[in-house]
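Report on the structure given below.
The values are calculated or read from the model by the stated rules, or taken from the named source; none is laboratory data. Remember, it's a predicted structure, so these values are computed and weren't measured experimentally. So basically every Cβ, Gly included, is an ideal-geometry build from the backbone, and we count neighbours across all protein chains shown.
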Amino acid sequence: MPLNVPGILVPFHLLINSRIVLPGLCVRDIRHLDFEALRRAGYRGAIFDKDNCLTIPYKDELVPELKDAWNKCRETFGEGNVLIVSNSAGTKLDPGGIQAESVRHHLLAPVLFHSSMKPSYSCIHGIRAYFSSLRSPIRDEELIVVGDRIFTDIVMANRMRKRVSKLASSPSDSVPPVAEEKSQRSEVGPLAIWTTGVWKKEAMALRWMESKLVDAVRKWTQVSEPPENIRFIQEVPEPPQSEGFLARTLSRFRS
């Protein structure tokens, strides 16, 4: 795989804005996201990474455990409002868009075609062009960005944020509640959601480094995960654990 130059240059961006690597919300996987709560808060669209977020790396099929959550996500946001942005499918690494078509078929969601990898500004331009072309256009602050990598998914989401000068003078249907809340912080943009679990081990050393970097930046800047975002997390029941052979044998003797 060729070098991801935009990703390699992220450390230089850190010198200007260290908070660029901070997610707004951390969950193990998308099953822990309350998509209905996100929709009620004013988020109308979603951007997802593919590998180790929705699929096994280098596979196009949805991880079976995520089926219900993924269906709920697509149902909540609506057709066309959920976009897959990958650094494999839909890029120069995907001649003829064959993998992008396969991903679209298996995940039932469109795949962005982009010539420059995440978190490049060229890729961001493509995302904005897609959501602005919808019948009901979606603004940056009405999006969530979900991915498992800090240097690509989270940095891209934070690069889409922009400063605003003041609050809207009066309530308006054109300004969703989430935009009003963020305007109080003088900055609006997508909600960056970091999925920390992996479905197949890949680049674990780099993932460890990204995790430690997030911890260090949080400590240095004293910026914690926004408490208001906790409402977007839902509990996922643990699957029942089957008894081992020894436990079953002892149970028979007791009975």
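If I ask for residues that are of a type in the set (Lys, Arg) and part of a helix (DSSP H, G or I), which ones from the range 51-68 would you list? Correct list: 67 only.
The residues of the range 44-62 that are among the aliphatic types (A, V, I, L, M) and buried (at least 24 other Cβ atoms within 10 Å of the Cβ), listed by number, are 46, 47, 54. Of all residues in the range 100-124, those satisfying the criterion of being at pLDDT 95 or above and more than 20 Å from residue 146 (Cβ to Cβ) are 101, 102, 105. Taking the conditions (1) at pLDDT 95 or above; (2) loosely packed, with under 12 Cβ neighbours inside 10 Å in turn, residue 253 satisfies each one other than (1). Scanning the range 140-156 turns up one or more residues that are buried (at least 20 other Cβ atoms within 10 Å of the Cβ), in contact with a His (Cβ under 8 Å, 6 or more places away or on another chain) and closer than 28 Å to residue 212 by Cα. Comparison of 222, 241 shows that the only residue that is modelled with pLDDT under 95, loosely packed, with under 11 Cβ neighbours inside 10 Å, over 22 Å from residue 68 (Cβ atoms) and of a type outside the set (Gly, Ala, Ser) is 222.
Against the numbered list (1) at pLDDT below 95; (2) not in a helix (DSSP H, G or I); (3) not polar (S, T, N, Q), residue 151 comes up short only at (2). Selection of the range 82-102 for residues being outside any strand (DSSP E or B), on the phi < 0 side of the Ramachandran plot and of a type outside the set (S, T, N, Q) yields 85, 89, 92, 93, 94, 95, 98, 100, 101. Is one or more of the residues making up the range 94-105 in contact (Cβ under 8 Å) with a residue 24 or more places away in the chain, touching a His at 6+ places or on another chain (Cβ under 9 Å) and among the polar types (S, T, N, Q)? Scanning the range 94-105, I find no residue that is in contact (Cβ under 8 Å) with a residue 24 or more places away in the chain, touching a His at 6+ places or on another chain (Cβ under 9 Å) and among the polar types (S, T, N, Q), so the answer is no. Is there a residue being surrounded by 13 or more Cβ atoms within 10 Å (Cβ to Cβ), of a type outside the set (A, V, I, L, M, F, W, C), within 30 Å of residue 40 (Cβ to Cβ) and at pLDDT 80 or above anywhere in the range 199-218? Yes, some residue in the range 199-218 is surrounded by 13 or more Cβ atoms within 10 Å (Cβ to Cβ), of a type outside the set (A, V, I, L, M, F, W, C), within 30 Å of residue 40 (Cβ to Cβ) and at pLDDT 80 or above. Within the range 71-93, the set of residues being in contact with a His (Cβ under 7 Å, 6 or more places away or on another chain) and either over 23 Å from residue 132 (Cα atoms) or of a type in the set (Ser, Thr, Tyr) (or both) comprises 91 only. Of all the numbered requirements in (1) over 22 Å from residue 40 (Cα atoms); (2) more than 16 Å from the chain's Cα centre (by Cα); (3) part of a helix (DSSP H, G or I), residue 114 misses one, and that requirement is (3).
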